[in-house]
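The values are calculated or read from the model by the stated rules, or taken from the named source; none is laboratory data. Computed from a predicted model, the values in this text were never measured in an experiment. Neighbour counts run over all protein chains shown; Cβ positions are idealised from the backbone, glycine included. Heavy atoms of the whole protein, side chains included, go into the accessibility calculation; ligands, DNA and RNA do not. Shrake-Rupley method; radii C 1.70, N 1.55, O 1.52, S 1.80 Å.
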Amino acid sequence: MSLSVTPPARLDLSVPAGNGLRRGFTTGSAATAALKAALLCLRGRTARVVDITLPGGELLAVEVRAARLTDAGAYAEVVKDGGDDPDATHGAVIWVRVTPQDSPVMSFHAGEGVGTVTAPGIRVPVGEAAINPGPRGMLRAAAHEVAGHEAFAVTVGCVNGEQIARRTFNPRLGIVGGISILGTTGVVEPMSLEAYMASVEVYVRVAVHARPAALVFTPGKLGRDFARDTLGVPPLAVVQMGNFVGAALDALQEALQDALEEQARMDGPQMFAPPLLVAGHPGKLAKVLNGDWNTHSAHSGMAMNAVARVAARLGLPGALVGALHAANTVDACVDLLAGPNQDGPDQGGADQGRAVWAAVARDVAACLHGRAPLLPGVRVALFALDGRPLADESTPAAFPPDTLSDPHSDGGTP
């Protein structure tokens, strides 16, 4: 009796993602397809399309732009397709040069246009080609599929990669000479959490290994400008997390845990875990009080009800609490809490507004700290859209004196 074997599933990138956008493949998949085409060329076979095995086990067909023998081995090119994701490497020509070697373990090298790691914190040792662990595993698997072993020197490059890298995070991350070869799943999901967090996670790890006095997470420009202009925080310590508050905190918790375990293995002094400042508009940050950790409007509710709950807890007038609940935007809440308004309910003065934003900031700080408990503390600075400070509060004993310069002369809530 013969046993039937279920063939691996085939991934069809022509089928749109759930959001209706076109998916693509990563630079890691492009490099893997180029390597497979080059190895087939070594065996006298020319392929215009190759099947690569993704980390999840699916097969993906990738078109090969060119493949040829060289004096020392073979060479192939693939055009990277990022789908509908805004991707600096979309359309880039990723090439691979492969040479047989005596060592049974594949060696990886940065060709022209692929960067070299020069700073710790990335999941590739300093001095090595910026080819991440996921793509390295795919390259090894492709070699075993074609040749049955991985005794090859593999050089990965990118045409005009150094110029492309200027539009990526690499210059800030200490990756010099070109782009990185990335991808954990091999597929680019357009505007997905994975696509964004692949970048945020690298930022977080580099920031942790730089051992700054404090880290800064911000959804966007308000917090970034505050960190840079008011506090003088170095750019390496500022992580722009966008809407992915929970995922960014999870990446930070994991990075801190990895750093502490690495330090313990080295039997050295325990690594300092920096406090975290989260700065931005309450319309984004207060959403975590509703349990919404992805603050994009498609994945979360509005923050006005959270602000209203805090106001009710503080005993503000019922008419004002109702107006906060009914507000269309958090900016309307900012106006309602700014002071007396002849056309609206009696707010009881700007002092109550300051108290509400201070309480919101404290609640958000406690919520964020609960998500990343390895942090010594969390500080939250809230701003109106015009840049006016609303509150600046910390979890208890979060920040030693002068860890960051205090923008407020009285050291408290503005």
> Is it the case that residue 28 is part of a loop (DSSP other than H, G, I, E, B), open to solvent by less than 20 Å² (accessible area, probe 1.4 Å) and either aromatic (Phe, Trp, Tyr) or closer than 22 Å to residue 159 by Cβ (or both)?
Replying inline: no
>> I need the full set of residues from the stretch 130-147 which are within 24 Å of the chain's Cα centre (by Cα) and in contact (Cβ under 8 Å) with a residue 12 or more places away in the chain, in order please.
In response: 130, 131, 132, 134, 135, 136, 137, 138, 139
>> Quick check on my filter: what residues within the stretch 22-63 are more than 19 Å from residue 8 (Cβ to Cβ) and either of a type in the set (S, T, N, Q) or in contact with a His (Cβ under 6 Å, 6 or more places away or on another chain) (or both)?
In response: 27, 46
>> Within the stretch 197-301, considering only strands (runs of 3 or more DSSP E) that don't extend past its boundaries, which have at least 3 residues that are crowded, with 23+ Cβ neighbours inside 10 Å and touching a residue at least 60 places away in the same chain (Cβ under 8 Å)?
In response: 215-218, 276-280
>> When the residues of the stretch 58-100 are narrowed to those that are farther than 21 Å from residue 40 by Cβ, buried (at least 19 other Cβ atoms within 10 Å of the Cβ) and of a type in the set (Gly, Ala, Ser), which ends up modelled with the highest pLDDT?
In response: 92
>> Any residue that is open to solvent by less than 30 Å² (accessible area, probe 1.4 Å), modelled with pLDDT under 95, of a type outside the set (Ser, Thr, Tyr) and more than 27 Å from residue 41 (Cβ to Cβ) - is there at least one of those in the stretch 126-149?
In response: no
> How many residues does the stretch 101-125 hold that are touching a His at 6+ places or on another chain (Cβ under 8 Å) and surrounded by fewer than 20 Cβ atoms within 10 Å (Cβ to Cβ)?
Replying inline: 3
> Which numbered condition trips up residue 163, out of (1) open to solvent by 40 Å² or more (accessible area, probe 1.4 Å); (2) in a loop (DSSP other than H, G, I, E, B); (3) within 17 Å of residue 90 (Cβ to Cβ); (4) not acidic (Asp, Glu)?
Replying inline: (2)
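Quick check: anything in the stretch 19-28 touching a helix residue (DSSP H, G or I) at 6+ places or on another chain (Cβ under 6 Å) and in contact (Cβ under 8 Å) with a residue 60 or more places away in the chain?
yes
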> Yes or no: residue 31 of a type in the set (Gly, Ala, Ser) and more than 28 Å from the chain's Cα centre (by Cα)?
Replying inline: no
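Yes or no: the stretch 93-114 includes at least one residue that is free of Cβ contacts under 8 Å to residues at least 24 places away in the same chain and farther than 15 Å from residue 170 by Cβ.
Scanning the stretch 93-114 turns up no residue that is free of Cβ contacts under 8 Å to residues at least 24 places away in the same chain and farther than 15 Å from residue 170 by Cβ.
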> Tally time: how many residues in the stretch 34-87 are outside any loop (DSSP other than H, G, I, E, B) and out of contact with any Gly (no Cβ under 8 Å at 6 or more places or on another chain)?
Replying inline: 24
>> Being of a type in the set (Val, Ile, Thr), open to solvent by less than 70 Å² (accessible area, probe 1.4 Å) and either assigned to a helix (DSSP H, G or I) or modelled with pLDDT of 95 or more (or both) is the filter here; which residues of the stretch 166-179 pass it?
In response: 179
